[in-house]
Amino acid sequence: MIPDVLTPSINGFSSLVYGVGTLGMLLGIAVVGWLLRDETLDSEAGQFRVLLVIPAFAALSYASMTFGLGLFTLNGYDVGGMRYLDWLVTTPVLVGYVGHVVDVDRSVVYGAVGLDATMILTGFIATTTTGMLRWGAFTVSSLAFLVMLYVMFVQYPRRANTTTPERRRLFLRLRNQVGVLWLLYPVIWLASPVGFGLVSTLGTAMLVTFMDVAAKVPYAWVVHEHRGIFRNDRTSPGIDRSDSEPVESEVPAATAD
Ligand code: RET
């Protein structure tokens, strides 16, 4: 049977879960689609095409997992290879776009993106190896994650160049979403069969699918809610500093350095 040859670990339930995940991501595509089609918005300033990568790549990844592609069994554990590819492509966009909103210095954004990619790659190593290597990779991934959060919570506000109140609000909403939701991923990993086995493979698939949709679709929705920032008739971000304030009150204004 063809599906068995391609997909030794697929079963009906996980297929259903991934199918629901695909539908969730299609919702995200629709939200970014509205932004792209809204002619009152400057899609260049909003970088909506880049934003589209987030739900679009995830939809492809989930659709392929629905059909069992990229799922494999290694060391007795089920691994969703496409999921890591999805994370490798889309999480840097999520992290980078948060910086784009308040025009954070590029070097700082690249730093956060690099840490994010390190987190995903070492996370993949942790998932596909055993023993010391697994836990070593898990530790490196977790450290990269913590340093990335430090960059987003401390360095982003300090190195932001466009801090109008509206941009600051969008920035805080997106960043805090990342800061809170993403902490659950390593917890789910630890509870899954690859970690301490407290949750089954199917349970893990359900939790991660829910998390992936929650991390992507509301993110796009929040940008949609704040789309006024990217109206065509507004001054360009670099000039629009009339009501500039520090991103967080305890942080000095970006102009200070
Ligand atoms: C792993 C295991 C190793 C330790 C850490 C992890 C963190 C993963 C994260 C993933 C975020 C994914 C998102 C997907 C959106 O669709 C790899 C689970 C720290 C934070 C936001």
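The values are calculated or read from the model by the stated rules, or taken from the named source; none is laboratory data. Treat the numbers as computed from the prediction; the structure is a model and nothing was measured. For neighbour counting, all protein chains shown are included, and Cβ atoms are generated from backbone atoms with ideal geometry for every residue, glycine included. To get the accessible areas, we keep the full protein, side chains included, count just its heavy atoms, and leave off ligands, DNA and RNA. Shrake-Rupley method; radii C 1.70, N 1.55, O 1.52, S 1.80 Å.
By a 1.4 Å probe calculation restricted to protein chains, W34 has an accessible surface near 140 Å², given to the nearest 10. Helices of the chain meeting both criteria, an alpha-carbon length of 18 angstrom or more along the long axis and an average Kyte-Doolittle score not below 1.0, with helices taken as full DSSP H segments, are 12-37, 48-66, 106-128, 131-150. Modelled spin-label separation between E44 and R106, with each label point placed 7 Å from Cα along the Cα-to-Cβ direction: 1.7 nm.
Note that segment 1-157, at 25 °C in a medium of 0.890 mPa s, gets a Stokes-Einstein diffusion coefficient of 142 µm²/s from its Kirkwood radius over C-alpha pairs. In plain terms, the chain from L27 to V154 could stretch by 42.5 nm, reckoned as 0.36 nm per residue minus the Cα-Cα distance.
The gain in end-to-end length when the R227 to V180 segment is fully stretched comes to 14.6 nm, 0.36 nm per residue minus the alpha carbon separation. In the chain, helical runs assigned H by DSSP with n ≥ 4 each contribute -39500 (n - 2.57); averaged across all residues and rounded to the nearest 500, the mean residue ellipticity at 222 nm is -22000 deg cm²/dmol. Taking GluC sites (Glu not before Pro) as exposed when DSSP calls them loop and at most 12 other C-beta atoms lie within 10 angstrom, the chain has its longest site-free stretch at 40-249. So how much accessible area does L26 have, in Å² to the nearest 10, using a 1.4 Å probe? Solvent-accessible area, nearest 10 Å²: 90 Å². With a cut-off of 8 Å between alpha carbons and a minimum separation of six or more residues, what is the relative contact order of the chain in percent? Rounded, it is 24 percent for the chain. In a simple Cβ point-charge model (Lys, Arg +1; Asp, Glu -1; nothing else charged), the chain has a dipole of about 200 debye relative to its Cα centre.
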